[in-house]
Each structure stands twice: as C-alpha cells, then as structure tokens.
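Note sheet for the following structure.
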Amino acid sequence: MRSWVAGFSVVCLVLAVAPVQAQTLSTKSRKDIFLKQSKILDSRAATQYRDSARLKPKTSRVQTSKRYTGKYRGQYLDLAKQAARLHDIPEDLFLRLVQQESGWNPQAKSHKGALGLAQLMPQTAELLGVNPHDPQQNLEGGARYLSWQYRKFKSWPLALAAYNAGPKAVEKHGGIPPYKETQNYVKVIWGG
C-alpha cells in the first residue's frame, strides 16, 4: 500500500510540474527561439569550443590573394581579428571589409542608416541580437552575418555581395548584382 501511495504521489508531482516547465521553456515566437539559441551559441558555447579551431585541417582555411594593407593599427584591430577568428572568416578579408565599410570609425552612419564599424543595418543588428553602437558587438555581429552569407552562398565574393546588397539581390541576379557600388565593393575587398 505504501509503494502505491508513494508512486501516486510521484505521478501527481510530475503532472503538476510539467505544465509549468513547458510554459517556461516554450515560446510561440521563432525569433525569440532563434535569439535564445544564438545567445547560448555565441556566449557559453563559443567559449567552450574556442580552441576547437586548432583541430581543423589546415586546408579548411581559405586564403585570399590580398592581405590587409590598411594603415589603421588602433584599438579595434584586435577586436576585428578576434571576431573574424570566432566566425572562421579570413582575418585579412574581414579587416578589409571594416576598412571599406567605416574606415574604422565606430560612430560611422551611412546615408541608408547602417551603423558602426561593420555598418550593420538596425534590423540586421536586431536579428543578430547585438548593439550596433557597441564596437565589440558591432564587429562580432558583422563577422557573424558575413559568415552566414558565406555558408549560404559557399563563396567569399558572393558573401561580400550579399553583405553589401543583401542576400535577395544575390539570389535574384544569380551572382554578384550588376550594381556599380556592389561590384566595386567586392573588387576592393576581395580583389580582382
């Protein structure tokens, strides 16, 4: 009889806690789920797997033909290199992108509203869950966004074009869009 009462008590306890736990862990918004998962991956998991890059084969690193030759050597250079490494982007490529986007000015604002060192649009910064006015978060968000574009298009020139003109423009034109600004952007950063 005692075991039956104990078993019944456990079942009642589990049934009482389950709805509370489900409510706490669930959300109806895909954006909220995405932001929560990204935050974990970009914080706790990023730290946990930081040294895993040393285990990758050397051939996995893509080298670009151009090296960063900019004159900037200030405080944001190391932050940009760190963001590039975190998202497996060739450092020189990301440094050239920041040079082209903002000239290393953390207060830069484009005529279209892009902000900061990596010139993130406010909507993109919100999607990434970063503060575009914070230089470190801006660089990390820019590197992550470029990495997303590379994974999508499997090409650095196309990733750069998507970063500049948007991924829909690259999809629409089946490659680098015929916009002078975007073509020049890819040429300056990638080379060619």
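In order along region 95-105, the phi-based Karplus estimate (6.51 cos²θ - 1.76 cosθ + 1.60, θ = phi - 60°) of 3J(HN,Hα) comes to 5, 5, 4, 5, 4, 5, 5, 10, x, 6, 9 Hz; Gly and Pro are listed as x.
In order along region 168-174, phi translates into HN-Hα couplings of 5, 5, 5, 5, 4, 9, x Hz, rounded to whole numbers, per the Karplus curve 6.51 cos²θ - 1.76 cosθ + 1.60 with θ = phi - 60° and x for Gly and Pro.
Residues whose amide H lies under 5 Å from that of Gly70, counting only those 5 or more places away or on a different chain, are absent; hydrogens are built 1.01 Å from N in the peptide plane. Extent of region 97-192 along its three principal axes (Cα atoms, max minus min coordinate, largest first): 34, 23, 20 Å.
Checking every one of the trypsin sites (Lys or Arg not before Pro) in region 90-192 against DSSP loop status and a limit of 11 other Cβ atoms within 10 Å picks out Lys112, Lys154. Phi angles of region 126-141 translate, via the Karplus equation with coefficients 6.51, -1.76, 1.60 and θ = phi - 60°, into HN-Hα couplings of 5, 4, 6, x, 10, 8, x, 8, 8, x, 5, 5, 4, 5, 5, x Hz per residue; Gly and Pro are given as x. Beyond 13 Å, what share of the Cα-Cα pairs of region 76-119 remains, rounded to the nearest whole percent? Here the tail beyond 13 Å accounts for 50 percent of pairs. Proximity of backbone amide H atoms, modeled 1.01 Å from N, is registered between Leu120 and Leu115 at under 5 Å, excluding neighbours fewer than 5 places apart on the same chain.
Across region 136-176, counting alpha-carbon atoms alone, Rg and Dmax equal 10.0, 33 Å. Computed about its Cα centre, the charge dipole of region 73-192 is approximately 340 debye, with only Lys, Arg, Asp and Glu carrying charge at their Cβ.
Read-outs throughout are calculated quantities, based only on the coordinates presented, and are distinct from any laboratory measurement. None of these values were measured; they are calculated from a predicted model. Neighbour counts are summed over all protein chains in view; Cβ atoms, including those assigned to glycine, are modelled from backbone coordinates with ideal geometry.
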